[in-house]
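All remarks here apply to the structure that follows.
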Amino acid sequence: MALKPIKIYGDWTEGYAMDVHTVHSEIVGEDVFGHPIFKNDRSKLGELLYHFKYKNVYENLDLIMEEIEPFLDSWAALRSVDIVISVPPSKPRVYQPAEEIADAIGKYIDRGFYNDVLLKTSSIQSKNLDGEKDALEGTISLQKFAKREYNILIVDDLYMTGRSLNECVRALREDEKVKDIFVLTITKTKNSR
């Protein structure tokens, strides 16, 4: 599969999503509570991520990495990255997908992964907010300050609204030693900008 990275925009220096998550979706009925049931056709990365994140198919991590490694090799900005972090998780899981992916990327680009720089102080998920642009403000806090200037790569699994990533950037900017912040997500929803 030839990746076609999608530029994503926010308060960061530069960011990309590796692919769209869902290629096609249609309502095929309703469940017993009247909620719509969807038939989703996902991109190759979308399918790998879906099973990795929601079905606990951990071995998909290696397959995801195989798909994104050519982009990691070509993205010049990664040469200036000092550390890799992930968006802090907002709900408990068997493993945290964004952390696992960020750790694998950190190893691949030979940079340290740290999961203790940012802390999610609320269980609010941006996907559950309808149009409340500032509703996540203050829900992520900076836990560690740098001893020298550094550039950061923030990794997330699925880009939907950009709110969580922008909140991470806001928290990181509290540290005057943070310079460039880059963002990488595995997939993004079709309707996100």
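The values are calculated or read from the model by the stated rules, or taken from the named source; none is laboratory data. Nothing here was measured: the structure is a model prediction, and the numbers come from that model. Every residue, glycine as well, gets a Cβ built from its backbone with ideal geometry; the counts of neighbours run over all protein chains shown. To get the accessible areas, we keep the full protein, side chains included, count just its heavy atoms, and leave off ligands, DNA and RNA. Shrake-Rupley method; radii C 1.70, N 1.55, O 1.52, S 1.80 Å.
Tabulated values for the structure
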read-out: Portion, in percent, of the accessible area of the chain that falls on carbon or sulfur, probe 1.4 Å; value: 48
read-out: Using θ = phi - 60° and Karplus 6.51 cos²θ - 1.76 cosθ + 1.60, couplings along the stretch 67-84 (whole Hz; Gly, Pro as x); value: 5, 9, 4, x, 5, 4, 5, 9, 7, 4, 4, 5, 5, 9, 6, 9, 9, 10
read-out: Pair Tyr108, Phe33: separation of 7 Å Cα→Cβ label points (nm); value: 3.6
read-out: Karplus 3J(HN,Hα) series, Hz, for the stretch 104-109 with 6.51 cos²θ - 1.76 cosθ + 1.60 (x for Gly, Pro); value: 5, 5, x, 5, 5, 8
read-out: The chain, accessible area per residue, ligands and nucleic acids excluded (1.4 Å, Å²); value: 53
read-out: HN-Hα J in Hz across the stretch 85-92 - Karplus 6.51, -1.76, 1.60, θ = phi - 60°, x for Gly and Pro; value: 10, 10, 5, x, x, 10, 8, x
read-out: Given Lys91/Lys144; Lys147/Lys188; Lys44/Lys107; Lys4/Lys144; Lys44/Lys144; Lys7/Lys147, the pairs whose alpha carbons are separated by over 25 Å; value: Lys147/Lys188; Lys4/Lys144; Lys44/Lys144; Lys7/Lys147
read-out: Acute angle (nearest 10 degrees) that the helix 44-54 long axis makes with the longest principal axis of the chain, alpha-carbon atoms; value: 90
read-out: For Thr185, residues with placed amide H under 5 Å, excluding near neighbours; value: Tyr16, Ala17, Met18, Asp156
read-out: Between 0 and 90°, nearest 10: helix 163-172 axis offset from the chain longest Cα axis; value: 10
read-out: Other-chain or far-sequence residues with amide H under 5 Å of Ser43's (modelled H); value: Thr22, Val23
read-out: Restricting the stretch 45-117 to GluC sites (Glu not before Pro) in coil, as DSSP defines it, with at most 11 other Cβ within 10 Å; value: Glu59
read-out: Estimated 222 nm signal from helices in the chain, with DSSP H stretches of n ≥ 4 weighted -39500 (n - 2.57), rounded to 500; value: -7500 deg cm²/dmol
read-out: Candidates Asp11, Asp157, Asp19: whichever shows maximal mean-square fluctuation once the chain is modelled as a Gaussian network with Cα springs under 10 Å; value: Asp11
